[in-house]
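Read-outs: derived from the displayed coordinates by stated rules, not from any lab. All values reported here derive from a predicted model rather than from experimental measurement. Backbone-built Cβ (ideal geometry, glycine too); neighbour counts: all protein chains shown.
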Amino acid sequence: QREEERRACYQPAIMTDGARVEVVANIAAPEEAARAVEAGGEGVGLLRTEFLFLGRDQAPTEEEQTDAYTTMVEALNGLPIIIRTLDIGGDKSVPYLSMPVEENPFLGERGIRLCLNRPELFRTQLRAIFRASGKGPIRIMFPMISTLKELKRAKALTEEVRQEVGADPVEIGIMIEVPSAVMMAEELAAEADFFSVGSNDLTQYCLAIDRMHPMLSRQADGLHPAVLRMIDQTVKAAEKAGKWVGVCGGIAGDPRGVVILTGLGVKELSVSIPSIAAVKAQIRGLSMEQARDLAKRALACPSAAAVRRLR
Ligand code: PEP
Ligand code: MG
């Protein structure tokens, strides 16, 4: 019985009526790629590349980055990896980048904004990603996209670098974690190959609650109907354009989140390594009809607490 349970984590997560949900891992260190596969992950849905840049006194070189990405791609042995470009700023500061002191860092030069303002930093990372891309299926994802213009500029720079390196094209997606990106999702979907909802930041920006706030952050529940309605809108916009949506924030690994997100039409859940087996098992016990029913009722709830009380 134990052995059977252990092996079940390597089977796909197929709902009782046949729909499949991809369950992939959020990782933030090279050795975690192999651990994600051992835990039954069907790939990596979010590689937080910040780990390469934090806790040191100069930026990692192109060689260092290429080595790190290659190690992870090889450990995945053909499974896909979504590499998110540098998402620094906000709560994460890097001394050698001499970042400005800001009154509201979460509303400041963060994520893609910082990368677009420091093209050399961005180009080096992109070069390394493209150099590793021959070794397995890599997708690139930009964090903190808040305007169409940012996406177009980031894509143009990425295409330039790709041609310099002489690599094949890769899929390019974006994080949906800023309310403006939700409102512009139709336009963004025309330019992106996929979306991944960063529900941690989307909740922070939607409810205007600092995700690090010592007292308020407990109220920043990603299952708040305001956030769920944003995710619903995002999925509908993506579907119109024939693009898929994943979720890589904390609610993707929350038992109630799993049901609601699946019911909203999310195709990929990217969760922490220890959650993979449980999320897969939960999906296997669920029908799409049940999931859609819970999602519909959740969208109509007046509060996060009411969503959490749903049966
Ligand atoms: C998120 O914002 O939900 C997310 C997955 O990204 P991070 O937690 O790294 O900001
Ligand atoms: Mg985020």
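How large is the charge dipole for segment 1-113, taken about the Cα centre, if only the Cβ atoms of Lys, Arg (+1) and Asp, Glu (-1) carry charge, to the nearest 20 debye?
Roughly 240 debye for segment 1-113.
Under the definition of Cα pairs under 8 Å and six or more residues apart, what whole-number percent is the relative contact order of the chain?
Relative contact order, the chain: 20 percent.
Between 0 and 90 degrees, rounded to the nearest ten: what's the tilt of helix 255-264 against the longest Cα principal axis of the chain?
Taking the Cα atoms of the chain, the angle to 255-264 is about 80 degrees.
Taking H placed 1.01 Å from N in the peptide plane, check which residues at least 5 places from GLY45 or on another chain put their amide H under 5 Å from its amide H.
Residues meeting the criterion, in which the H sits 1.01 Å from N, are ALA25, ASN26, ILE82.
So which residue, out of THR70, THR49, THR16, gets the largest mean-square fluctuation from a GNM of the chain using Cα contacts under 10 Å as springs?
Judging by the Gaussian network model, the answer is THR16.
What does the helix-only formula give at 222 nm for the chain: each DSSP H stretch with n ≥ 4 adding -39500 (n - 2.57), the total divided by the residues, and the result rounded to the nearest 500 deg cm²/dmol?
My calculation for the chain gives -13500 deg cm²/dmol from helical runs alone.
Note down the magnitude of the dipole of the chain about its Cα centre, charges +1 on Lys and Arg C-beta and -1 on Asp and Glu C-beta and zero elsewhere, to the nearest 20 debye. If you can, show how the numbers build up before the last one.
Details: 38 positive and 42 negative charges, 200 e Å.
My answer is approximately 960 debye.
Restricting everything to alpha-carbon atoms, can you work out Rg to Rh for the chain with a Kirkwood hydrodynamic radius? Could the numbers behind the result be given before it?
Details: Rg = 18.9 Å, Rh = 19.8 Å.
That ratio equals 0.96.
Just grab the label-to-label distance for VAL165 and ARG20, each label 7 Å out from Cα along the Cβ direction, in nm (one decimal).
2.7 nm
If you take every residue apart from LEU286 with its C-beta less than 13 Å away from the C-beta of LEU286, what net charge results, scoring Lys and Arg +1 and Asp and Glu -1?
Overall, the nearby charge balance is +2.
Within the chain, how many lysine pairs that are 8 or more places apart, or on different chains, have C-alpha atoms less than 15 Å apart?
So the count works out to 5.
For segment 140-242, compute Rh as the Kirkwood radius over C-alpha pairs and then the Stokes-Einstein diffusion coefficient at 20 °C and 1.002 mPa s; write the answer in µm²/s, rounded to an integer.
For the chosen part, D equals 148 µm²/s.
Along each of the three principal axes of the Cα atoms of segment 68-114, give the extent in whole Å, ordering the values from largest to smallest.
Dimensions of segment 68-114 along the principal axes of its Cα atoms: 44, 20, 14 Å.
Taking Cα atoms, how many degrees apart are the long axis of helix 119-132 and the longest axis of the chain, rounded to 10 and kept between 0 and 90?
Tilt relative to the chain: about 70 degrees.
So what's the angle, to the nearest 10 degrees on a 0 to 90 scale, between helix 62-76 and the longest Cα principal axis of the chain?
30 degrees
About the Cα centre, and with charges only on the beta carbon of Lys, Arg (+1) and Asp, Glu (-1), how big is the dipole of segment 115-223? Nearest 20 debye, please. Working shown, then result.
Details: 13 positive and 15 negative charges, 80 e Å.
I would put it at about 380 debye.
Any chance you could list P(r) for segment 1-102, counting all Cα-Cα pairs in 5 angstrom bins from zero, rounded to whole %?
The calculated distribution, bin by bin, is 2, 11, 18, 18, 15, 12, 9, 7, 4, 3, 1, 0.
Nearest 0.05, what FRET efficiency do LYS152 and SER303 give at R0 = 25 Å with Cβ-Cβ as r?
After rounding to 0.05, the efficiency reads 0.10.
Ratio of alpha-carbon Rg to the 2.2 N^0.38 Å globular estimate for segment 90-165, to two decimals, please.
Numbers: Rg = 13.5 Å, N = 76, 2.2 N^0.38 = 11.4 Å.
Cα-based Rg divided by the globular estimate yields 1.19.
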